[in-house]
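This report concerns only the one structure given below.
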Amino acid sequence: MRKIIIAGLGILFAGHTVAQRQYTIQGQFSKMQTQGKAYLIYSWGWTNQQTLDSAVLSGGKFTFKGVVTDPEKVSIAIGDSQDAITFYLEPGVISIKGTNSLQHAVVKGGKINAQYTAYYKEVMAPGDVLSSKLDESYRKAISTPPVDSAFILSLYDKAKQIMRQQDTLKYAYIVHHPESYISLETLIELAGGLPVTQVGSLFKQLSPEVRNTAAGKKLGNELFDTGPTSIGAIAPDFTENDVNGKPVRLSDFRGKYVLLDFWASWCGPCRAENPTVVKMYNKYKDRNFTVLGVSLDQADKREAWLAAIQHDGLTWTHVSDLNFWNNTAAKLYNIRAIPQNFLIDPAGKIVGKNLRGDALESELARIIQ
């Protein structure tokens with residue numbers, strides 16, 4: 001009898017836990033004439049896009065129901081159109097209301113969605129407004145030849161300033177909102193451009209609830225692990241083709257200090273960091289130091305990759321398999337955001353990670369005599 005009671009309590013507890021994780025998404029659009037299906041999508045628009053569920057769209061209404069363990073950033077799209085909205089999937093009822101477009105709909109429901117609304121207004125909106133104005137200026141400038149290259153470069157400089165200002169606001173948001181899941185996602189985004197010690201310090205300031213989510217545990221393991229890409233480990237070897245199609249191995253550079261730099265032509269923060277890397281390369285290239293660039297560009301963007309190398313003056317060795325986020329070396333080094341780098345000593349040991357700006361300059365000055 002005792003075993004039956006315990007088993008029954010276990011079933012009731014499991015049912016209660018599932019109920020706590022259930023979500024309902026209710027879409028309602030007063031003037032939407034489209035009929036068909038709405039799709040719940042993970043990583044919408046990216047190469048790893050995955051359809052999680054579908055629902056009938058009728059009379060401007062759709063409903064999704066399911067169970068979620070940890071918060072997930074998802075999108076809902078109508079058919080195969082570009083009309084979509086991104087939000088956080090979390091337990092409870094989430095309403096999405098609008099007129100005839102998902103893009104301009106309003107999401108309500110859930111603690112994290114409320115946090116994201118406040119985050120966007122506080123951190124992202126000012127820069128997005130300025131970026132839209134820059135985009136408009138850029139389109140006008142290239143639509144009427146001759147193109148003023150100096151003006152285009154000035155727009156690039158302004159864009160870099162906007163990104164730096166947004167990064168400053170993101171950093172401040174993390175510090176002032178340690179209980180927010182958005183802070184964790186923002187830290188993951190910034191991690192590629194900050195020294196590991198700084199990322200680790202910010203991570204420790206996050207609330208236990210946030211650190212113990214699946215994404216939090218994964219970041220924590222990466223920051224404090226003793227795995228294959230930790231400081232002190234021998235850098236995992238790989239081979240990829242250079243710009244001329246010639247295979248290049250990381251181990252070919254044994255005997256030198258190597259900055260293994262993960263970047264891409266489409267990555268604004270990477271391009272903004274390139275002048276620092278160029279400066280360090282020119283300063284130390286004759287002192288047993290080099291750079292190996294690994295690009296996360298795509299096969300149909302090969303020309304953009306080569307143009308960025310030339311435009312930014314990146315005169316060191318560059319490799320890529322042009323597989324975007326599925327780049328073999330990037331997966332080997334668990335790259336989930338760029339820019340990221342690893343400083344490797346002449347014996348092949350990792351001695352630094354994510355050294356950017358002044359941190360890179362200081363570390364090279366310390367170790368290269």
Seminar exercise, completed: Just one listed residue, out of 27, 36, 79, is modelled with pLDDT of 95 or more and under 16 Å from residue 101 (Cβ atoms), and it is 27
Problem set entry | One residue from 175, 199 being among the β-branched types (Val, Ile, Thr) and over 16 Å from the mean Cα position of the chain (by Cα) | 175
For this session: Exactly one condition in (1) of a type in the set (Ser, Thr, Tyr); (2) modelled with pLDDT of 85 or more; (3) farther than 25 Å from residue 298 by Cβ; (4) exposed (fewer than 14 other Cβ atoms within 10 Å of the Cβ) is not met by residue 17; state its number.
Result: (2)
For this session: Kindly establish whether residue 315 is in contact with a strand residue (DSSP E or B) (Cβ under 8 Å, 6 or more places away or on another chain) and either under 17 Å from residue 192 (Cα atoms) or not aliphatic (A, V, I, L, M) (or both).
Result: no
For this session: Go through the residues of the stretch 236-255 one by one and say whether even a single one is under 21 Å from the mean Cα position of the chain (by Cα), closer than 16 Å to residue 350 by Cβ and either of a type in the set (Phe, Trp, Tyr) or not in a strand (DSSP E or B) (or both).
Result: no
Exercise. What single numbered condition from (1) polar (S, T, N, Q); (2) in a helix (DSSP H, G or I); (3) under 29 Å from residue 347 (Cβ atoms) fails to hold for residue 230?
Worked result: (2)
For this session: Could you tell me which residue of the stretch 274-291 is nearest to the chain's Cα centre (by Cα), considering only residues that are of a type in the set (Phe, Trp, Tyr) and farther than 12 Å from residue 315 by Cβ?
Result: 289
For this session: Answer yes if at least one residue in the stretch 96-118 is aromatic (Phe, Trp, Tyr), under 20 Å from the mean Cα position of the chain (by Cα) and within 17 Å of residue 41 (Cβ to Cβ), and no otherwise.
Result: no
For this session: Working only within the stretch 41-63, note down all residues that are part of a strand (DSSP E or B), free of Cβ contacts under 8 Å to residues at least 40 places away in the same chain and not polar (S, T, N, Q).
Result: 42, 52, 53, 55, 56, 57, 61, 62
Seminar exercise, completed: The residue from 268, 348, 313 that alone is over 22 Å from residue 229 (Cβ atoms), at pLDDT 95 or above and in contact with a helix residue (DSSP H, G or I) (Cβ under 8 Å, 6 or more places away or on another chain) is 313
Seminar exercise, completed: Taking the stretch 192-202 and keeping residues under 15 Å from residue 231 (Cβ atoms) and outside any loop (DSSP other than H, G, I, E, B) leaves 196, 197, 198, 199, 200
Seminar exercise, completed: Among the residues of the stretch 314-357, the number that are among the charged types (D, E, K, R) and within 21 Å of residue 283 (Cα to Cα) is 3
Exercise. Just for the stretch 228-280: of the residues that are under 25 Å from residue 311 (Cα atoms) and of a type in the set (Gly, Ala, Ser), which one is surrounded by the fewest Cβ atoms within 10 Å (Cβ to Cβ)?
Worked result: 245
Exercise. Are there any pairs with C-beta distances below 8 angstrom linking a residue in the stretch 181-194 that is more than 20 Å from residue 209 (Cβ to Cβ) to a residue that is among the aromatic types (Phe, Trp, Tyr), with the two at least 6 apart or on different chains, and if so which?
Worked result: 190/171; 192/262
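The values are calculated or read from the model by the stated rules, or taken from the named source; none is laboratory data. All values reported here derive from a predicted model rather than from experimental measurement. A quick note on method: Cβ atoms are made from the backbone with ideal geometry, for glycine too, and the neighbour counts reach across all protein chains shown.
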